[in-house]
Amino acid sequence: MRHAILSLIEPCADSRTLLGFLSFADGNVIMTQMDLACRFGCRSIICLVEQAPEDLDAVIDYAGRLGLKFALVRSIAELSALLTADDEIILIADGLVLAISDAEIAAIGKGPAILTFCPADSQGELVHGFERMDINHVWAGLALLRGSDVIAVGQLPGDWNVQSAALRVAVQRNHRRIIWPMAMVETGRATHPYRAEDIRAELMLTDPDQPETPLSRNKLYNKALSSLSAILWKKPQIRPALRSLAMILPAAAIGLGWYGWVATGLAALWAGRAMGRLDRRFFRVLQGFVAPGWLVALADVMAALALVVLVWRSAMPDFRLSALFAVLMTLGLWIVLRRTATNGDLAARLQGLLRAALLPGALLASILSMLPGWIMLWSLLALALLLWSGRETVTEPDAAE
């Protein structure tokens, strides 16, 4: 079984707030560490504390959202009682904020490993807060250990920090080291903050698995992104408001379009999709708070129905059948491209083009073409079969896990 060992012990520099409780997104730093533990396949969180901190209920609730067991321990004896020698341990340093890609997680592989940085003499200030292992290496705040490595800490004499002692045991046992580039620290993807301002919010908003774009490298854009995120995250009512409007406005667009208020309906539909986009853009940092899939799917269905009604009502009576055909084909092709698109390929570009030109394209196609009914029906059936054959299938988890 794989566990994550986190810590809520160190205070930040300018207050009595613990590093793990520094506010971040619509939660705090330790919640980002729980997300990281989930990505590593952990089943439980073991949190080291000196005494039970206040405001722990939100952290325990968040662990439940992620389907993780949560336990507090105050000593190595309590910790050892929860582990076996064969367990795998993800050790995450107190207060660490880390934005890494799935590829970087996969590169760690299996078996014990210690993630390190190897800073040059001129880069010493960049790794302030990270624990030094030896003259050349600094611990990156992440390690994959065996349960026996942590249990062995109980045999050490003296008073010590459990995480630091477990790291020392791993070093003595000569576990392999993976050296991460210093660019991760320079760009803020790996941060050991002493103040909330040390956290680079725009980097957590950027998906590490997506390729960089000129816009994502623009300093003004990143500054604006950080400022807007800070405003949105400070108000807890923003997230539910965005999700409600993403449902209500497309529903209103259906009613407005049905009664002939096409322009107003289009504005409501656009605003509703914008609300959903804001939700997905700024409230995807903490996985436990991401909108559930069924809610996103329902909002998409409402928007599609609104688009069909608006196109139907805006077209002249003689062209309504063609308009309906055009919008259904455009929506279907967009779904197909969304399923098959990968970063930067032609399908992804076509998907973006269709999304931008969905309504005008459907209207133009309905005006310029009057296809026979049997061709429309045949095309829609072919598209339906394509959608059905490409549907996502749900597989049962391996019973042996």
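Rule-based calculations on the coordinates, nothing more; no lab input. Values in this document were obtained by computation on a predicted structure and should not be read as measured data. A quick note on method: Cβ atoms are made from the backbone with ideal geometry, for glycine too, and the neighbour counts reach across all protein chains shown.
Write down Rg/Rh for segment 1-97, rounded to two decimals, with Rg from the C-alpha atoms and Rh from the Kirkwood relation over Cα pairs.
Rg/Rh: 0.94.
Once label points are set 7 Å from the Cα along Cα→Cβ at both GLN287 and GLU78, what is their separation, rounded to one decimal in nm?
Result for the modelled spin labels: 2.7 nm.
Can you list residues from other chains, or at least 5 along the same chain, whose modelled amide H is less than 5 Å from the amide H of PHE40?
none
How are the C-alpha pair distances of segment 68-165 spread across 10 Å bins, as whole percents from the shortest bin up?
So the P(r) values, bin by bin, are 13, 41, 35, 11, 1.
Would you mind calculating the relative contact order of segment 45-107 from Cα pairs under 8 angstrom and at least 6 residues apart, reporting the percent as a whole number?
Relative contact order for segment 45-107 comes out at 35 percent.
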